[in-house]
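Trainee: What follows is a single structure, and I will ask about it in a moment.
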Amino acid sequence: MSSLPTRQIDLSSTSPASATTTAGTAVTGLGGYRSMSVYAKLAGATGGTLDVYLQFSPDGGTTWVDYAHFPQISAGASAIYRVWNVSKSAQQTSLATVGTGTSPALSANSILGGDWGDRLRTVMVAGAGTSAGAAQTLLLTFSV
């Protein structure tokens, strides 16, 4: 039986201030946890759409693969709230198209579930016309 304490990670940040893709800092040490709760409060940036992804790395940080893609947020949209609860033991019953690195491709408003490995990070893709970012809240809670 693992003696890992419940762990909360804050991946909150400001979305890009121009039409670009940015990857957040990786959080490591997640391999021993069995379940994850994801809470997000996401708001539209100024001038362009925003896509927010959660990615995992199956190989120690060399390759990054899509794990979740929140709903696309319209320019200037009010905050939306999303909560997802996932388990490493959840079985995926269908194949999904995913992206890697800073070219994410997972369908909007979806999460793969199952094993997220030892590390996670965010990727934000700001659409054409984006002229100012917006505060994005993303909190992850891990338990055994």
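The values are calculated or read from the model by the stated rules, or taken from the named source; none is laboratory data. Bear in mind the structure is a predicted one, so any value in this text is a computation, not a measurement. With ideal geometry, Cβ positions are generated from the backbone for all residues, glycine too; neighbour counts draw on all protein chains shown. Heavy atoms of the whole protein, side chains included, go into the accessibility calculation; ligands, DNA and RNA do not. Shrake-Rupley method; radii C 1.70, N 1.55, O 1.52, S 1.80 Å.
Trainee: What pairs can you find where one residue is in segment 118-133 and on the phi < 0 side of the Ramachandran plot, the other is aromatic (Phe, Trp, Tyr) and open to solvent by 10 Å² or more (accessible area, probe 1.4 Å), and their Cβ atoms are less than 6 Å apart, with a gap of 6+ or different chains?
Mentor: Cβ pairs passing all conditions: Leu120/Phe56; Val123/Tyr53.
Trainee: Quick check on segment 76-85. Is at least one of its residues open to solvent by 40 Å² or more (accessible area, probe 1.4 Å) and farther than 16 Å from Leu42 by Cα?
Mentor: yes
Trainee: Only one of these is part of a loop (DSSP other than H, G, I, E, B), within 25 Å of Ala19 (Cα to Cα) and hydroxyl-bearing (Ser, Thr, Tyr): Thr137, Thr97. Name it.
Mentor: Going through Thr137, Thr97 in turn, the sole match is Thr97.
Trainee: Among the strands (runs of 3 or more DSSP E) lying completely within segment 4-55, list those that include at least 1 residues that are open to solvent by 50 Å² or more (accessible area, probe 1.4 Å), under 16 Å from Gln136 (Cβ atoms) and not acidic (Asp, Glu).
Mentor: Counting at least 1 such residues, we get 21-23, 35-42.
Trainee: Further question on the same structure: Take segment 1-54 and flag every residue that is under 21 Å from Gln72 (Cα atoms) and of a type in the set (Phe, Trp, Tyr).
Mentor: Tyr39, Tyr53
Trainee: Checking Gly61 against (1) of a type outside the set (A, V, I, L, M, F, W, C); (2) in contact with a Lys or Arg (Cβ under 7 Å, 6 or more places away or on another chain); (3) surrounded by 15 or more Cβ atoms within 10 Å (Cβ to Cβ), which single condition isn't satisfied?
Mentor: (3)
Trainee: Take the conditions in contact with a Gly (Cβ under 7 Å, 6 or more places away or on another chain), not basic (Lys, Arg) and not in a loop (DSSP other than H, G, I, E, B) and apply them to Val125. Does it pass?
Mentor: Judged against the criteria, Val125 is not a match.
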